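**Q** First the structure, then my questions, so here it is.
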Amino acid sequence: MNLLIDIGNSRIKWAVANGTKLGETHVAPTRPFPVGFAAIGAMPDMPARIVCANVAGAEAAEAVTAWANERYSLTPVLLQAEEQAFGVRNAYGRPERLGADRWAALIGARWRSNQAVCVIDCGTAITVDLLDDDGHHRGGLIGPGVATMRRALYGTTAGIADEGEGVMAPLAADTRSAVTAGTLYMAAAFIDRARTEIEAMRARDLPCLLTGGDATVVAPLLSGRYEMAPDLVLEGLAVIAA
């Protein structure tokens, strides 16, 4: 049994896996440290290894390492993207600069199928990555996530305050709903435009996997067919751990 932890900027997500088979997934806020990791609690059995995809920085890496050492006397594996591994070749000239979550998601996508695919992760950032039939990562895009866009509005405008979630409507009658709808439309437009241009460059339709914490709220606004893959990063970590 392996313990897999996806450490994002806003939340951590974890599951245990036997081989590549994932168990139930769980979610907790990433901060404050080490509260998020303490939420994982005691595993039913001692994990053979702990494998993490961490994009929350050095503080998160130190916190999960201290927590794993104290609870399990294990040092976690902190995933770093490589030039080539698990059937995926990294497009980056400096492979380690590709986010660990994106790398794990690409490996998860490759494990699911040997066909070309777009991988879209809707989290604190929205990332779009293309994986070819041969497993070659062709690069990707990074844009602000829904919550990040909203924080930018709240922090840089005098007349827009954080008043919580509004009503999703094409034309809003209050500022709160205008922010809710506007940021969701921007996220959906970014994803759809990226997909359209990638498919035009490849001269073919491509399957698209949609993952990340905001995937379910963005999905209804997207054009075309997107397959939900909520645990794609953990699926990749399971392949790596196994």
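**Q** For the range 194-242 and the range 126-174, compute the distance between their C-alpha centroids and round to whole Å.
**A** Measuring centre to centre over Cα atoms gives 16 Å.
**Q** Treat the range 95-233 as a sphere of radius equal to its Kirkwood radius over Cα pairs and apply Stokes-Einstein at 10 °C in a medium of 1.306 mPa s; give the translational diffusion coefficient in µm²/s, rounded to a whole number.
**A** Estimated diffusion coefficient is 101 µm²/s.
**Q** So, with a 1.4 angstrom probe, what is the percent of accessible area on the chain that is carbon and sulfur?
**A** 52
**Q** For a quick check of understanding: with a 1.4 angstrom probe and all protein chains in place, what accessible area in square angstrom does THR156 have, to the nearest ten?
**A** 110
**Q** Could you pull out the trypsin sites (Lys or Arg not before Pro) across the range 183-221 that fall in loop regions by DSSP (anything but H, G, I, E, B) with no more than 15 other Cβ atoms inside 10 Å?
**A** ARG204
**Q** Follow-up question, since we're still on this one. Could you order ASP45, ASP174 so the one with the most accessible surface comes first? Probe is 1.4 Å. Before the final figure, lay out the partial values.
**A** Values: ASP45 95, ASP174 65 Å².
Per-residue accessible area, sorted high to low, gives ASP45, ASP174.
**Q** Can you tally the net charge around ASP205? Count Lys and Arg as +1, Asp and Glu as -1, for every other residue whose Cβ sits under 15 Å from the Cβ of ASP205.
**A** -2
**Q** Compute the signed sum of charges (Lys and Arg +1, Asp and Glu -1) over the other residues within less than 12 Å, Cβ to Cβ, of THR65.
**A** -2
**Q** Over the range 116-180, calculate the relative contact order: mean separation of alpha carbon pairs under 8 Å at least 6 apart, over the residue count, as a percent.
**A** In percent, rounded to a whole number, it is 20.
**Q** I've got another one for you. For the range 1-74 and the range 80-111, write down the distance between their C-alpha centroids in whole Å.
**A** 20
**Q** Taking a ≥ b ≥ c as the square roots of the eigenvalues of the Cα gyration tensor of the chain, is the shape rounded (a/c under 1.5), prolate (a/b larger than b/c) or oblate?
**A** Oblate, because a/c is 1.5 or more while a/b does not exceed b/c.
**Q** In debye, nearest 20, what is the charge dipole magnitude of the range 53-197 about its Cα centre with +1 on Lys and Arg Cβ and -1 on Asp and Glu Cβ, if you could check? Provide the component values of the computation, followed by the final result.
**A** Values: 13 positive and 18 negative charges, 32 e Å.
In total the dipole reaches around 160 debye.
**Q** Could I ask something else about it? Membrane-span-like helices in the chain: DSSP H runs reaching 24 Å or more (Cα, own axis), mean Kyte hydropathy at least 0.0?
**A** 175-202
**Q** Moving to a separate point now. Helix-only estimate, please: 222 nm mean residue ellipticity of the chain, summing -39500 (n - 2.57) across DSSP H runs of length 4 or more and dividing by its residues, to the nearest 500.
**A** -11000 deg cm²/dmol
**Q** Report the one residue of GLY159, TYR185, ASN69 whose Cα lies farthest in the direction of the positive end of the charge dipole of the chain (charges on C-beta: Lys and Arg +1, Asp and Glu -1; origin at the Cα centre).
**A** TYR185
**Q** Okay, moving on. Which Cys residues of the chain have no other Cys beta carbon under 4.7 Å away?
**A** Taking the Cβ cut-off of 4.7 Å, the unpaired cysteines of the chain are CYS52, CYS122.
**Q** Also, quick follow-up: Any idea of the accessible area per residue across the chain, 1.4 Å probe, to the nearest Å²?
**A** So the chain comes to 48 Å² accessible per residue, rounded to a whole number.
**Q** In nm, what is the difference between 0.36 nm times the number of residues separating ALA147 and GLN80 and their Cα-Cα distance?
**A** 21.5 nm
The values are calculated or read from the model by the stated rules, or taken from the named source; none is laboratory data. None of these values were measured; they are calculated from a predicted model. Cβ atoms come from the backbone with ideal geometry, glycine included; neighbour counts cover every protein chain shown. Just so you know, the surface numbers come from the protein's heavy atoms only, side chains and all, with ligands and any DNA or RNA stripped out. Shrake-Rupley method; radii C 1.70, N 1.55, O 1.52, S 1.80 Å.
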